[in-house]
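Have a look at the structure below before the remarks.
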Amino acid sequence: MNDIQNDGTASVNPAFTEAWDRGACKPPSVAIRSLHNVINRYLAVTRPMEVDSLSGGNIDIITFLARHSEREIFPQDVERSFGITRSTSSRVLALMERKGLIVRESVPRDARLKKIVLTDKSRDIAEALRTSAIAMEGILLQGLSDDEIREFMHVLDVMQTNLVSTGLIGDESRYSSLALCEAESRERQSRECESQPTVRKTSQEDETGKEE
């Protein structure tokens with residue numbers, strides 16, 4: 001366990017720092033970026049033919065819509081999820097509509113609202129991407145036990161939470177950290193409990209208390 005310094009940060013074992021300085025091994029941040037680059041290169045050379053003509057942004061939006069197919073998605077949802085402006089969202093979605101990747105449909109409760117729906121063409125693309133990604137994950141995790149995978153995912157989540165919790169990189173809700181979500185859930189439950197009125201004992205409970 002790392003010691004906590006006066007400024008609230010953890011001190012790194014000097015042996016690790018010395019090894020990083022002389023290039024004996026990569027610092028965690030460099031190793032993570034390196035793996036991220038390798039994953040991206042692998043996905044690029046194994047990507048399905050269906051997506052060859054699509055930009056990375058189009059692919060990301062198709063994947064997002066496919067993952068949330070059970071609910072209505074509107075342009076503002078895309079803007080929030082990808083951190084883009086309304087004008088950028090409007091331009092990208094219009095281009096995707098011309099390509100036959102999405103359609104915009106009115107919703108019964110308000111004809112002014114236009115939800116974004118994938119076309120059959122995009123659903124086929126999403127399924128091809130999903131199949132490719134699952135195959136890649138299988139290769140990536142070869143030789144690791146279930147417990148090792150769970151621990152690795154926990155370590156990644158702790159690292160992300162540590163950086164997000166500094167408050168230096170924006171709204172925490174933008175980052176899908178399990179630890180942050182759990183902390184928020186606990187805080188919400190605590191507030192709800194505090195707001196609940198005290199329930200008076202029933203007469204039977206009162207009598208029981210007297211007998212004791």
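In this structure MET153 has an accessible area near 110 Å², from a 1.4 Å probe over the protein heavy atoms.
FRET efficiency for the pair ALA24 and PHE152, taken as 1/(1 + (r/R0)^6) with r the Cβ-Cβ distance and R0 = 30 Å, rounds to 0.85. Sorting the segments 114-125, 22-33 by their residues' average number of neighbouring beta-carbon atoms within 10 angstrom, most packed first, yields 114-125, 22-33. Between THR17 and MET136, the C-beta separation translates, for a Förster distance of 41 Å, into a calculated FRET efficiency of about 0.80. At an R0 of 30 angstrom, the distance between the Cβ atoms of TYR42 and ALA66 translates into a FRET efficiency of 0.90.
The label point for SER34 and the one for GLU127, both projected 7 Å from the Cα toward the Cβ, are 3.9 nm apart.
Oblate is the label for segment 38-181, because a/c, from the alpha-carbon gyration tensor with a ≥ b ≥ c as root eigenvalues, is 1.5 or above and a/b does not exceed b/c. Surface exposure of segment 77-130, expressed per residue as accessible area with a 1.4 Å probe, stands at 64 Å². Our coupling estimate for segment 84-94, obtained by passing each phi through the Karplus curve with A = 6.51, B = -1.76, C = 1.60 and θ = phi - 60°, is 10, 7, 4, 5, 5, 4, 4, 5, 5, 5, 5 Hz, Gly and Pro reported as x.
Of the two radii for segment 93-142, the radius of gyration is 1.22 times the Kirkwood radius, both from the alpha carbons; that is the Rg over Rh value.
The values are calculated or read from the model by the stated rules, or taken from the named source; none is laboratory data. This is a predicted model, so every value here is computed, not measured. Ideal geometry is used to build each Cβ from the backbone, glycine not excepted, and the neighbour counts take in all protein chains shown. Please note that ligands, DNA and RNA were not included when accessible areas were found on the heavy atoms of the full protein model with its side chains. Shrake-Rupley method; radii C 1.70, N 1.55, O 1.52, S 1.80 Å.
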